1. By DSSP, what percent of the beta bridges with both residues in the chain are antiparallel, rounded to the nearest 5?
2. Considering only Cα-Cα distances, which of the following residue pairs are longer than 25 Å: Lys174/Lys243; Lys292/Lys370; Lys153/Lys212; Lys128/Lys190; Lys51/Lys190?
3. Mind checking which aspartates and glutamates have their Cα closer than 17 Å to the Cα of Lys308? Skip sequence neighbours fewer than 8 apart in that chain.
4. Antiparallel as a % of all DSSP beta bridges within the range 71-198, to the nearest 5?
5. So which residue, out of Ala355, Ala60, Ala280, gets the largest mean-square fluctuation from a GNM of the chain using Cα contacts under 10 Å as springs?
6. Springs between alpha-carbon atoms under 10 Å, Gaussian network over the chain: tell me which of Leu282, Leu219, Leu16 tops the mean-square fluctuations.
7. Given the options Thr129, Thr362, Thr26, which has the most mean-square fluctuation in a GNM of the chain, springs set between C-alpha atoms less than 10 angstrom apart?
8. Can you compute the helix-only [θ] at 222 nm over the chain? Use -39500 (n - 2.57) per DSSP H run of at least 4 residues, normalise by all residues, nearest 500 deg cm²/dmol.
Amino acid sequence: MNHPHEEQFLVFGSPLIGEEEIAEVTESLRSCWLGTGPKVARFERDFAAYKGVSEKNVAAVNSCTAALHISMIAAGIGPGDEVITTPLTFAATVNAIIHSGATPVLADVDPQTMNIDPAQVQAHITSKTRALVIVHFAGRPCEMDALVTIAQKYHLILIEDCAHAIETEYHGRKTGTFGDFGCFSFYVTKNVITGEGGMILARSEEHVGRAKILALHGLSKDAWRRFSDDGYKHYYVTECGFKYNMMDIQAAIGIHQLGRVETNWSRRQVIWNAYQDAFADLPVIRPTDPEKDTRHAYHLYTLLVDEKSTRISRDRFLEQMTARHIGVGVHYLSIPEHPYYQRTFGWRPEDYPNAMRIGRQTVSLPVSPKLTDTDVQRVIRAVRTSLTAP
Ligand SMILES: Cc1ncc(COP(=O)(O)O)c(C=O)c1O
């Protein structure tokens, strides 16, 4: 096997950071305003403009996990309520439901789109179901017509986990605007990054107001206004909130990242399509093309490695790629594979067969806009060699 040791390790999900971000963070440091301040306000305005909503409908927080958690609390979801979600997601989606006090219920995914299957959602609705948390997996929009119809029929709060899907659209409408809440992540590997960070987009201004209070200990005024130059303002604790506010240093990065969201998207689209073409003749399952009248965010490019056809196991393939200095990911082992959820809810992977199979076969390849054409060719070569001459 040819190990190109002289080539640098291609880190999976490494972000593209521009000089503007570096200058803006430096400016924040020099101004000594590090906490929640004018840059967070500007990032919220820019984000709202990108999504075509009012700034009164968004609230910046310090992660998507926080966004999911306080969205549920702001919607009044808690103990005794059931919340349906997908088994093919990051632990954060399910943990946020648990932290709200509600009981998570899983509905399996569609094997092609890897998104929650509306028929499975329907099958899991009980008299206790209060909310539906969907994930636009890999950046591909869920079947929103069917899911919105179900949410309306059963009076469910609809929360969109848009951690992969900032640029995603479905039938001309942007993700995060279908549900009562859209929750976004700006974690380092995401399409727009702030290091750690998140955003809530809520249809109701009341929900946003409550979320903002919940994100800062339940205080009636935020720290920026408290210490502004128009005099000291008392604050009052109106409920027991959390410490989920975003810092200006984070927003300083996000403002410029958001400014390049579309050029980065175009670059990822080119990489995604290059992989689609390059692997057409291999015995792996490629992602299905984006559905008609939708926009995919191209957050993840995933191959399914089925040992029966490839004669190499998924885990061996991961090792082979790593040995060839290509960072790869697994999104995700299905939620019921993890001991905590098995112990707590009695979930078994076999009960969600589509998510189980995907989780055991999937491999994510690098799609960062930082990849050069040479990097992309290196990934393609490594995939081909790992599969044909393992
Ligand atoms: C689908 C999904 N939901 C939620 C999260 C949590 O995001 P954050 O790290 O910003 O809390 C992630 C992050 O990896 C994710 O992929």
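1. 55 percent
2. From the list (Lys174/Lys243; Lys292/Lys370; Lys153/Lys212; Lys128/Lys190; Lys51/Lys190), the Cα-Cα distance tops 25 Å for Lys174/Lys243; Lys292/Lys370; Lys153/Lys212; Lys128/Lys190.
3. Asp281
4. Restricted to the range 71-198, the bridges split so that about 20 percent are antiparallel.
5. Greatest mean-square fluctuation among the candidates belongs to Ala280.
6. Of Leu282, Leu219, Leu16, the Gaussian network model singles out Leu282 as fluctuating most.
7. Maximum fluctuation in the GNM of the chain, among the listed residues, is at Thr26.
8. Estimated from H runs of four or more residues: -11500 deg cm²/dmol.
The values are calculated or read from the model by the stated rules, or taken from the named source; none is laboratory data. This one's a predicted model, so the numbers in the text were calculated from it and none came from an experiment. Cβ: placed from backbone, ideal geometry, glycine included. Neighbour counts: every protein chain shown. These accessible areas exclude ligands, DNA and RNA; they are computed on the full protein's heavy atoms, side chains included. Shrake-Rupley method; radii C 1.70, N 1.55, O 1.52, S 1.80 Å.
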